[in-house]
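The structure appears right after this line, and notes come after that.
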Amino acid sequence: MRNMKRLMRPQAAGKILLLVGLFAIVGLTSVSAWAGTDEEKQPGVAVQVGPKAPNLEQYAAEELCGYLKKLYGIQTRPDEDNSADAEMVFLVGSPKSNPAVGKYLPPGAWPELSDQGLAIIPCRVEGKLAVVVGGGSPRATLWAVYELVERWGVRYLLHGDVLPESPGKLQLPDEPVVMEPEFRVRQWRVVNDLPSGPESWGMADYRPVLDQLAKLKFNRILVSTWVWQPFLHLEVDGVARGEAWLWFKWHYPITDDMPGRQLFGDAKEFWNPDLPLGASYAEFSAAGEQLLHNLMGHAHQRGMESVLTATVTAFPHEFKDSFTGARPMSGLSKYTMVPGPDTPMDDPGLVKLAKAVLQTSVNTYPEADYLQLGVTEQRKWSGEYRQAWQALDAKYGLSKSQEPKKGWTLEEILSEAGRRKNYPGGADRAVSEVKADLTTLYFLDRLIREGDVFRNTKRPDIKLVYYAFAEELYPLLDRILPPGSETLNFVDYTSSRILKRRETLDALGGKKIPATLIYTLHDDNVGLLPMLVTGSLHKLNVALGEHDWAGFSTRYWIVSDHDPCVAYLARASWDAEATPQSVYADLVENVCGKQCVSDMSEAFRELEKTTVLLELKCLGIGFATPGMISRHMRAGHMPSDYVDAREGYRRALAAVRRARKNTRPAGEPFVDFWIGRLEFGIGYFDCIEATRRATTLKAEATIAERDGKAELAKRKHAEAAEAMRRALEISRSMLKSYARVVQDRSDTGAIATMVEHIYRPLKAKAEQWAHE
């Protein structure tokens, strides 16, 4: 068993030691196991819940019964009192929800728990072996069940459980286990964008992953939506939405010639299965709303809160004439309208539109626990930032001297932003963000703190999360934001880049306002390549703990790579001494077998190092958009960083293949996944290399033609055509490797994406060059 003090916050350790002493005095430490030989039957077991057990506790008891059957062949079901004929009893719940807990625990044995605290406490029920499995709330009771089951050897992966090879006899703990989280916010992002992200997921895809996240004790989902998606219908002053779409209006046809065709059934186009393809806007929007209702409903059934995004500075294109100075957003979101630099902060049309977004959001989704308000990635609205500062300063005393006295005048803040290092877009972008964010903070302050925008809605009590405001404004947020608010913070695109500016985390912390940090598991700028960020996140965990941050929120597109990382996050959220190495060893031993630990740990270390290289030096290499391969059609050798990354993948693949020889049958899919993914990653670089060689040969042919060297030009054209054909074959092979090990709809979406943006452009180019 784990050392109990390691699972407690330091201030609680004394109480737990007293609790252990109490159990020793009353003779309960003898409740350690069912004593018997392998030939003997397992004991009769009762799982007892309270007569008015909440739904989550009833579900927790059902889950416990399910694992008792899977692991030990024990048939039982939850009941209010079925212990008469049992030889072993599980009491599920707390003294408040299950009277038997208070009846059979010795006085003072139930610990003082927060709403997230859990307890597994051995006891006796009328002389029989027993254990209380409960928590400070129904969802904490569910987590207590999953903690107990994990101690029986089950490991929770994102796509299912791995059971122990030989569970043996049913074991009960021999001393109390009491746990409180290190991080109270453990948030998982859903919806988002792109076919390779969960924008493509229906409920059949979401349910199993959310079920696994509940086992890993995640406690929130962030429903991260975009303006163009079919999730929020707006009507303001006679203008109404009439169009919605997925993934930036791109399309991904499914054709018989494509690699991985067998993954897509009879589909003609890759699409979200819960949303009607080709339907009217009204049908599309209704289905979108139903999907979010189902998603938040299932999260609540598994003890997770829901956070819904509401953007008040970006609007559907139908509202381009609804406010002064409206402009299309930069980049991929060109159909989204945002305030321009000179849009007045008090523009009546903008105010009315923003109020409609907030009110429609909570009226459409009253089940949401939080509403997240934030800024767009590329800000434009900055023309009146000085007026915004003056108004906020006059109201909240921002420039008054307080500790720490740093950057609390406008000039100091802008100067600080101008010194921001290693930031994508440079210091000019940082300064622009500060200016735009001051404007938005003033705008939100007028809407929410002065306008009381939620008063007559279905959720006047909605809790607010403020998202992604410039880091130079962190020291001011506790004065500006409404009481009870939280912040979700975006320091940089990847964890390794955040670590380059780790001092930023000192400025906010959670002493005055709960603050969470975005943990990027898989950045879209690196794209669809294999990634593992556990080491970087471990360092961030340490930093967040030092500065009292409330927790983290994941950011990802592809999910399947991240079992090792998520296993670490799940354990480290409750045990500050957990390390990537210890979690890797535990995960691999229980999934694959002890003989695989060394090789798989080596593979993960190589993959972590390669991920850092990709994050710091190769952003954009696999951005899954049109031009995904054409941006690599350049003459010359492949960049050395790409060569190094491929070598890292090769070393990782060699280690995984060694592990494959020793893995137990239950671990074979886990190892085979990494073989397929790493073969794909190596093939991706091979494809880039072949594409560059083909482009180089084509350029040489053009030069030869210019110089009148007809025979040389002919030969170079033929070599270029053959090199392009080779690039096409490599792309087919790498996609087949990936298709062999797909885990979920993000993986199939990644295949569809790369067929459209890599395979088909290479095929067209190869055919063109072959006939020139």
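The values are calculated or read from the model by the stated rules, or taken from the named source; none is laboratory data. Keep in mind the model is a prediction, meaning the values are calculated, not measured. Counting neighbours? That spans all protein chains shown, and the Cβs are built from the backbone with ideal geometry, glycine included. Areas reflect the complete protein model, heavy atoms only, side chains present, ligands, DNA and RNA absent. Shrake-Rupley method; radii C 1.70, N 1.55, O 1.52, S 1.80 Å.
Quick look at the values:
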| quantity | calculated |
| --- | --- |
| Percent of beta bridges antiparallel (DSSP, the chain, rounded to nearest 5) | 35 |
| Spin-label zone in the stretch 349-366 - amide nitrogen under 18 Å from a point set 7 Å from the Cα of residue 237 along the C-beta vector | 349-360 |
| On Cα atoms only, tilt of 281-301 relative to the major axis of the chain in degrees | 30 |
| Lone cysteines, the chain (no partner Cβ under 4.7 Å) | 65, 123, 565, 618, 687 |
| Candidate values (1) 34.0, 142; (2) 30.5, 109; (3) 28.3, 101, label of the one derived for Rg and Dmax of the Cα atoms in Å | (3) |
| Residue-span extension gain [residue 203 to residue 582] - 0.36 nm each, minus C-alpha spacing | 133.1 nm |
| Net charge contributed by nearby residues that have their C-beta within less than 10 Å of residue 198 (K/R +1, D/E -1) | -2 |
| Spatially proximal lysines relative to residue 421 (Cα-Cα < 20 Å; intrachain offsets below 8 disregarded) | 406, 435, 500, 539, 617 |
| Percent accessible area from carbon and sulfur atoms, the stretch 535-603, protein chains only, probe 1.4 Å | 47 |
| Computed E for residue 283/residue 617 - FRET, C-beta separation, R0 56 angstrom, nearest 0.05 | 0.75 |
| Theoretical FRET efficiency, 1/(1+(r/R0)^6), r = Cβ-Cβ of residue 764 and residue 126, R0 51 Å, to 0.05 | 0.10 |
| Long-range HN-HN contacts of residue 240 with modeled amide H, under 5 Å | none |
| Length-normalised contact order of the chain in % [C-alpha pairs under 8 Å, at least 6 apart] | 11 |
| Assigned charges on the beta-carbon of Lys, Arg, Asp, Glu; the chain dipole about Cα centre (debye) | 1300 |
| Sum of -39500 (n - 2.57) over DSSP H runs of 4+, divided by residues of the chain (222 nm, nearest 500) | -13500 deg cm²/dmol |
| Chain lengthening between residue 268 and residue 542 when straightened (0.36 nm per residue, less Cα-Cα) | 93.9 nm |
| Distant-in-sequence amide H partners of residue 464 (H built 1.01 Å from N, under 5 Å) | 371, 486 |
| Under 12 Å from the Cα of residue 52 - aspartates and glutamates, other chains or at least 8 residues apart | 79, 80 |
| Spatially proximal lysines relative to residue 698 (Cα-Cα < 20 Å; intrachain offsets below 8 disregarded) | 709, 714, 716, 763, 765 |
| Net charge, residue 359 excluded, C-beta distance under 13 Å - Lys, Arg +1, Asp, Glu -1 | +3 |
| Rounded accessible area per residue of the chain, 1.4 Å, Å² | 38 |
| Degrees between helix 760-770 axis and first principal axis of the chain (Cα, 0 to 90, nearest 10) | 30 |
| Under 16 Å from the residue 707 label point (7 Å along Cα→beta-carbon), backbone N, the stretch 729-772 | none |
| Nearest-0.05 FRET efficiency for residue 327 and residue 352, computed from C-beta distance (R0 22 Å) | 0.75 |
| Folded to 0 to 90 degrees: helix 13-25 orientation relative to the chain principal axis, Cα | 30 |
| Per-residue ³J(HN,Hα) for the stretch 221-231, Karplus 6.51 cos²θ - 1.76 cosθ + 1.60, θ = phi - 60°, Hz, x for Gly and Pro | 10, 9, 7, 8, 9, 10, 4, 7, 6, x, 10 |
| Calculated from backbone phi, Karplus (6.51, -1.76, 1.60) coupling profile of the stretch 97-110 in Hz, x at Gly/Pro | 9, 9, x, 5, 5, x, 5, 9, 7, x, x, x, 7, 6 |
| Under the Karplus curve 6.51 cos²θ - 1.76 cosθ + 1.60, θ = phi - 60°, whole-Hz ³J(HN,Hα) for the stretch 645-652, x wherever Gly or Pro sits | 5, 4, 5, x, 4, 5, 5, 5 |
